[in-house]
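Here's the structure we're looking at; comments come further down.
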Amino acid sequence: MKTDQLGDWRRTHYSIEVTPELDGNEVIVFGWIQDIRDLGGILFLILQDREGNVQVTIPRKKVKKQIVEKAEAVQRQYSIGVKGIVKRTKMTPRKVEIIPKEIRVLGVAQHPLPLDVTGRTPAKIDVRLDARALDLCQQENRAVFKIQHVLLRAIRDFLSEKGFIEVHTPRIIATATEGGAALFPVKYFENKAFLAQSPQLYKEELVLGFEKVFEIGPFFRAEESHTRRHISEFISVDIEQAFATAEDVMQVLEQLVHHVCEDVKARCRRELEILKHDFEVPKLPFKRFTYDEIIVELQNKNVEAQWGEDIPTPALRTLGGLHPYFYFITDWPITARAFYIKPKDGNPKLTEGFDLMWHWIELASGGSRISSKDLLVKRLRECELNPESFKHHLKAFDYGMPPHGGWAIGLERLTMMLTGKKNIREVVLFPRDRFRLTP
């Protein structure tokens, strides 16, 4: 089909802005044909744009022949422009329709489409991800990412008002940040390098000059787990704060989550309605449980959880039933925390590390950091890491490294909580995991 030129047409209204109060006014709308209904004497095109949809009504005997011919030739997912007159009506869900004076076909779609753009026939997640660009045209999916947009803005506003400076650290690094094998190696000219797992070492160094920093950006882990909450490329929200303890940054974290929930609840009412999801704004402060208290609680429920190790998934699910809200797990054993987490004064078997939980899902992890170079070298060796590989990072500890703390929260998991989605791939535009590198 021959397409038209955009020409001098420019949008006057999004679909949601076409209301009965505009009755008799001329508008120009753009979008995609979501559905077509032909009742013989009348043809209906449901035009969808990023804000919603509006009905374009073509009474065959009352509009120009060229409009009828063009409307009969288009198919679902064609992109079109419509110039027409708004008409108040009782026959549509929104009590309004557009009678076209002209239609311009701006882009065609090849049929059959891989997905039902009306949403009436659901598709499995892998089918949806294979045609992700089309899948993201669905109103429900757009609602997810509009909420994520508001969420990100709320995070930036909150941390900026708290005096944090946004930074951007390298994604190509020479040394593993966390240690371990979950690294993606890359060829960097004549050298071997890795994709960054986190900004941890860099953000610690930055507190020397900036004191309070935050970063929102993508990071990479060669994640072997193929679950509904693990992906290989993810967005991490990190902070680091000088002259602060674990308790100080825990308070920043719970206040941030409270603020984000309030903001999304206020700004995204329509999107939450589309998703048929709701949540309560959490009360402050969040409950705090020590790791020892959690282990005892699980043992009392006859749930297996080995002291000194991460809490296994079945045990976490039990915790979610016991604590269906936000809560912290503090005082983790040193054997279950990264080398840079500060051992607890008076009890070196424990650390000043914490996790923020929502039901059974870990949303964030953080703690006080080691600020002593000698102790950090000792911890590297205990974790079977070579201090020589961290020599550039260790230099920063010769320049007056202050006590400091921080945390990292997964944007995708927080988005899942705010949208009610159960699979992390649904809150990532183009997810990457062990089995998916495209599209």
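Please verify whether L316 is surrounded by fewer than 18 Cβ atoms within 10 Å (Cβ to Cβ) and among the hydrophobic types (A, V, I, L, M, F, W, C), treating the condition exactly as stated. Even if it seems obvious, please write down each step before you answer.
Numbers: surrounded by fewer than 18 Cβ atoms within 10 Å (Cβ to Cβ): no; among the hydrophobic types (A, V, I, L, M, F, W, C): yes.
No, not satisfied.
Can you tell me how many residues in region 45-83 are more than 33 Å from the chain's Cα centre (by Cα), closer than 12 Å to V29 by Cα and buried (at least 20 other Cβ atoms within 10 Å of the Cβ)?
Going through region 45-83 one residue at a time, the tally reaches 2.
Could you tell me whether Y327 is closer than 26 Å to L206 by Cα and aromatic (F, W, Y)?
no
Of the conditions (1) at negative phi; (2) touching a residue at least 24 places away in the same chain (Cβ under 8 Å), G308 satisfies every one except a single condition; which number is it?
(1)
Would you please name the residue that is surrounded by the most Cβ atoms within 10 Å (Cβ to Cβ), looking only at residues in region 134-150 that are of a type outside the set (A, V, I, L, M, F, W, C) and within 15 Å of A266 (Cα to Cα)?
Among them, the one singled out is Q148.
When you scan region 404-427, do you find a residue that is at pLDDT 95 or above and of a type in the set (F, W, Y), even just one?
yes
Test each condition in (1) touching a residue at least 60 places away in the same chain (Cβ under 8 Å); (2) in the same structural domain as V260 (by TED's automatic domain parsing); (3) farther than 25 Å from R221 by Cβ for Q138 and report the one that comes out false.
The failed condition is (1).
In the set I80, I99, I103, which member is touching a Pro at 6+ places or on another chain (Cβ under 9 Å), assigned by TED's automatic domain parsing to the domain that holds V63 and in contact (Cβ under 8 Å) with a residue 12 or more places away in the chain?
Details: I80 fails: touching a Pro at 6+ places or on another chain (Cβ under 9 Å); I103 fails: touching a Pro at 6+ places or on another chain (Cβ under 9 Å).
Checking each option against the conditions leaves just I99.
Being out of contact with any strand residue (DSSP E or B) (no Cβ under 8 Å at 6 or more places or on another chain), of a type in the set (D, E) and under 21 Å from A336 (Cβ atoms) is the requirement here; does E204 meet it?
When the stated conditions are applied, E204 does not pass them.
Need pairs with beta-carbon distance below 9 Å; first residue modelled with pLDDT of 95 or more and within region 1-29, second of a type in the set (D, E) and assigned to a loop (DSSP other than H, G, I, E, B); sequence gap 6+ or separate chains.
As it stands, the answer is Y14/E51; S15/E51; I16/E51; E17/E51, since those pairs meet every condition given.
Considering only residues that are of a type in the set (D, E) and in contact (Cβ under 8 Å) with a residue 24 or more places away in the chain, look in region 385-414 and name the one that is farthest from Q251 (Cα to Cα).
Of everything passing the filter in region 385-414, D398 is farthest from Q251 (Cα to Cα).
The values are calculated or read from the model by the stated rules, or taken from the named source; none is laboratory data. The shown structure was predicted, so the numbers you read here are calculated from the model rather than taken from an experiment. Here Cβ is always computed from backbone atoms with ideal geometry, including for glycine, and neighbour counts include all displayed protein chains.
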